[in-house]
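The next block holds one structure in the form of structure tokens; read it before the comments.
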Amino acid sequence: MVKLIASDLDDTLLNRDGRISRENKEVIREAVARGITFTLVTGRMFQSALPYALELGLDQELPIICYNGALIKRVSGETLYESFLAPELAQAVIEFGRERGWTVNAYYNDELYVAAIDQWVEYYASGASVDIKVAGDLVKFISEGPKRLAKILIPGPREESLDRVRALQDLLGSQAEVACSKPEYIEITSANTNKGRALKWLVDFFGIKPAEVMAIGDGTNDVSMLQVAGIAVAVGNAAPQAKEAAGYVTSPSWEHGVAKAITELVLAPTN
């Protein structure tokens, strides 16, 4: 029996307009009404994910997973778990990107900091509905404190992502996690920080078993989460790696894939 449903946001629960469809809302609320816990597992900032949790009417005490697992907070805002990039490692990544002319997003204290605003910063901030803070020299900004970042995101042309990922993996080795939440977004978090590890934390927190969890995702950053869950679902528009990790492929996000999967795999068997 499924006791916890964990869903990614972008390109999974959200449609092409960045909204939760009426169909998805209704099915999620039905699952919650039956005593099943529904939560969000996203690469987004807490401030960017919170409006969706509130829109779904999720309980204030419910933990949601943000920054690919670097932060777990209750809807109320209480922090339960956090993992940061070491300042010197974050500085190395930012300097590496700066030397190559890459746009670099840094996340400190649940705020987005950049060296300067360009088209990629505007593209990201618009989709995430967050404000932008211009720090100028990001390396200097982080070194003052020093500041611990939840995540670094490097947005850019999707055709360049694979080469950028390889270069970052060569730079970082096992010191950090490098994953793509979208083809144009490369995300860097501290070592062993990913959605799968965070979901395991949540399983222990709730005192349930991985077999009692359904996870739904689309990106390569969702693979670790899908590998943890007893029922692993990829939406129809998911990356090949996510589909390979899933035991079930549902409809695309814009065709209410989350609602379909929950109905067929969780609600229908109990009717």
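Counting only residues that are part of a strand (DSSP E or B) and either among the aliphatic types (A, V, I, L, M) or farther than 20 Å from TYR185 by Cβ (or both), how many does segment 209-234 have?
Of the residues in segment 209-234, 8 are part of a strand (DSSP E or B) and either among the aliphatic types (A, V, I, L, M) or farther than 20 Å from TYR185 by Cβ (or both).
What residue, among those in segment 49-65 that are within 20 Å of ALA215 (Cβ to Cβ) and in contact (Cβ under 8 Å) with a residue 60 or more places away in the chain, is farthest from the chain's Cα centre (by Cα)?
PRO63
Please count how many residues of segment 121-135 are over 15 Å from GLN47 (Cβ atoms), surrounded by fewer than 19 Cβ atoms within 10 Å (Cβ to Cβ) and β-branched (Val, Ile, Thr).
The qualifying residues number 1.
Criterion first (over 24 Å from ALA191 (Cβ atoms) and part of a loop (DSSP other than H, G, I, E, B)) does GLY127 satisfy it?
No: the conditions fail for GLY127.
Return the pairs, sorted by first residue and then second, in which the second residue is modelled with pLDDT under 95, the first residue lies in segment 29-41 and is more than 23 Å from GLY219 (Cβ to Cβ), the beta carbons are less than 8 Å apart, and the residues are 6+ apart or on different chains.
ARG34/THR270
Filter segment 223-254 for residues that are closer than 19 Å to ASP204 by Cα and under 15 Å from the mean Cα position of the chain (by Cα); which is surrounded by the fewest Cβ atoms within 10 Å (Cβ to Cβ)?
SER224
Give GLU184, GLU212 a once-over and let me know the one that is touching a residue at least 24 places away in the same chain (Cβ under 8 Å), assigned by TED's automatic domain parsing to the domain that holds LEU40 and in contact with a Lys or Arg (Cβ under 9 Å, 6 or more places away or on another chain).
Going through GLU184, GLU212 in turn, the sole match is GLU212.
Looking only at strands (runs of 3 or more DSSP E) that fall completely inside segment 11-120, which ones have 1 or more residues that are in the same structural domain as GLU264 (by TED's automatic domain parsing) and either at pLDDT below 95 or crowded, with 20+ Cβ neighbours inside 10 Å (or both)?
So the answer is 37-40, 63-66, 71-74.
Which ones in segment 70-80 are closer than 29 Å to LYS140 by Cβ and touching a residue at least 12 places away in the same chain (Cβ under 8 Å)?
If the condition is that a residue be closer than 29 Å to LYS140 by Cβ and touching a residue at least 12 places away in the same chain (Cβ under 8 Å), then ALA70, LEU71, LYS73 are the ones that fit.
The values are calculated or read from the model by the stated rules, or taken from the named source; none is laboratory data. Keep in mind that this is a model prediction, so the values were computed, not measured. Note: ideal-geometry Cβ built from the backbone for every residue, glycine included; neighbour counts use all protein chains shown.
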